[in-house]
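S.K.: This is the structure I have questions about; it appears just below.
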Amino acid sequence: GESVGLHLPTLSVQEGDNSIINCAYSNSASDYFIWYKQESGKGPQFIIDIRSNMDKRQGQRVTVLLNKTVKHLSLQIAATQPGDSAVYFCAENAGAGSGYALNFGKGTSLLVTP
Amino acid sequence: KAGVTQTPRYLIKTRGQQVTLSCSPISGHRSVSWYQQTPGQGLQFLFEYFSETQRNKGNFPGRFSGRQFSNSRSEMNVSTLELGDSALYLCASSPGQGVSPLHFGNGTRLTVT
């Protein structure tokens, strides 16, 4: 079936470097994508979202890029900090009609080393 | 504004029992969704409620059910618990009109023994 997947399960970066987390999706009908950060013992925390009519969106230290041609989504974190260490999930809206159902990727663990 | 609140935080149940989990959404949010998170399957959609009506349902057996009250608070119930139901159950809310980010609670950790 169609699914959202991640290229790398773990990513280790040095503090101050930029991080790039990738995500592949296969549902060409997906029109809304979200990145979440999950720390141990907590629920997923919203980072940034993007709709399919855009190819780039920037937030505070984060940028999401959407390439619909190859069905690829990426999250860029600038000047990565120790507090960025967490598991990152991409998700696409797979809901029908007015409904809302996110299909999540398996997650990438980001480890920031000093 | 208070976030999504889930109770209880932890639960231990025995196979065959049933369990009810509770979720209070962010004030003003009318859509409540439930997700199951396990190490093997990741985050999987259970169902979504909007204005007391189930609007979407994931691919889970009928033992999993939910409801939403007029104040948007929601409960989910799992009957005849199985060992494989051990998971973190996450509730999320959103305004409900169109797509917008889901805001998650910290979940209920259910352990079935």
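S.K.: Could you work out the mean count of beta carbons from other protein chains within 10 Å of each residue's beta carbon in B:99-109?
M.R.: 6
S.K.: Let me ask something else about it. What distance in nm lies between label points placed 7 Å from Cα along the C-beta direction at A:Leu111 and A:Ala29?
M.R.: For the pair A:Leu111/A:Ala29, the computed spacing is 4.1 nm.
S.K.: Sticking with this one: Please list, ordered by chain and number, the residues whose modelled amide H lies under 5 Å from the amide H of B:Phe47; skip anything fewer than 5 residues away on the same chain.
M.R.: B:Trp34, B:Gly58
S.K.: Over chain B, what relative contact order in percent results from Cα pairs under 8 Å that are six or more residues apart?
M.R.: 36 percent
S.K.: Would you mind ranking A:Val13, B:Val4, A:Val64 by Cβ crowding within 10 Å, fewest neighbours first?
M.R.: A:Val13, B:Val4, A:Val64
S.K.: R0 = 30 Å: FRET efficiency of B:Arg30 with A:Gln60, Cβ-based, nearest 0.05?
M.R.: 0.60
S.K.: As a footprinting exposure proxy, order B:Phe64, B:Phe47 by other Cβ within 10 Å, with the fewest listed first.
M.R.: B:Phe64, B:Phe47
S.K.: What distance in nm lies between label points placed 7 Å from Cα along the C-beta direction at A:Asn53 and B:Arg73?
M.R.: With each label point 7 Å from Cα toward Cβ, the separation is 3.9 nm.
S.K.: So what's the net charge close to B:Arg63: Lys and Arg +1, Asp and Glu -1, counting the other residues with Cβ under 9 Å from its Cβ?
M.R.: Neighbour charge sum, excluding B:Arg63 itself: -2.
S.K.: Shifting gears a bit: Could I get the Rg over Rh figure for the protein assembly as shown? Both from C-alpha atoms, Rh via Kirkwood, rounded to two places.
M.R.: Result: Rg/Rh = 0.97.
S.K.: Which one, B:Phe60, B:Ser24, B:Gln97, is farthest towards the positive end of the dipole of the protein assembly as shown when Lys and Arg carry +1 and Asp and Glu -1 on their Cβ?
M.R.: Value: B:Ser24.
S.K.: Here's another thing I want to ask about it. If neighbour count is taken as other Cβ atoms inside 10 Å, put A:Ser19, B:Ser31, B:Ser86 in order from fewest to most.
M.R.: By the 10 Å Cβ count, ascending, the order reads B:Ser86, A:Ser19, B:Ser31.
S.K.: Can you work out ³J(HN,Hα) from phi for every residue in segment B:98-113, in order, using Karplus 6.51 cos²θ - 1.76 cosθ + 1.60 and θ = phi - 60°, giving whole Hz and x for Gly and Pro?
M.R.: These are the phi-based 3J(HN,Hα) values: x, 8, 7, x, 7, 10, 9, x, 8, x, 10, 8, 9, 10, 10, 10 Hz.
S.K.: Sticking with this structure for a sec: Skipping prolines and chain starts, which residues have an amide H placed within reach, meaning under 5 Å, of the one on A:Gly59, given they are 5 or more residues away or on another chain?
M.R.: Distant-sequence amide H within range of A:Gly59: A:Val64.
S.K.: What's the FRET efficiency of B:Gln54 with B:Gln18 using the Cβ-Cβ distance as r and R₀ = 25 Å, to the nearest 0.05?
M.R.: 0.85
S.K.: Around A:Ala101, with a cut-off of 11 angstrom between Cβ atoms, what is the net charge of the other residues, counting Lys and Arg +1 and Asp and Glu -1?
M.R.: 0
S.K.: Going by the alpha-carbon gyration tensor, a ≥ b ≥ c the square roots of its eigenvalues, is segment A:35-114 rounded (a/c under 1.5) or, if a/c is not under 1.5, prolate (a/b greater than b/c) versus oblate?
M.R.: Oblate shape, in that a/c is at least 1.5 and b/c is the bigger or equal ratio.
S.K.: Name the most mobile residue of B:Val99, B:Val78, B:Val32, meaning the one with the largest mean-square fluctuation, in a Gaussian network model of chain B with Cα contacts below 10 Å.
M.R.: Top of the fluctuation ranking is B:Val99.
All of the numbers you see were taken from the coordinates with simple rules; none came from a lab. Given the structure is predicted, the values throughout are model-derived calculations rather than measurements. When we count neighbours, we look across all protein chains shown, and the Cβ atoms used for this are built from the backbone with ideal geometry, even at glycine.
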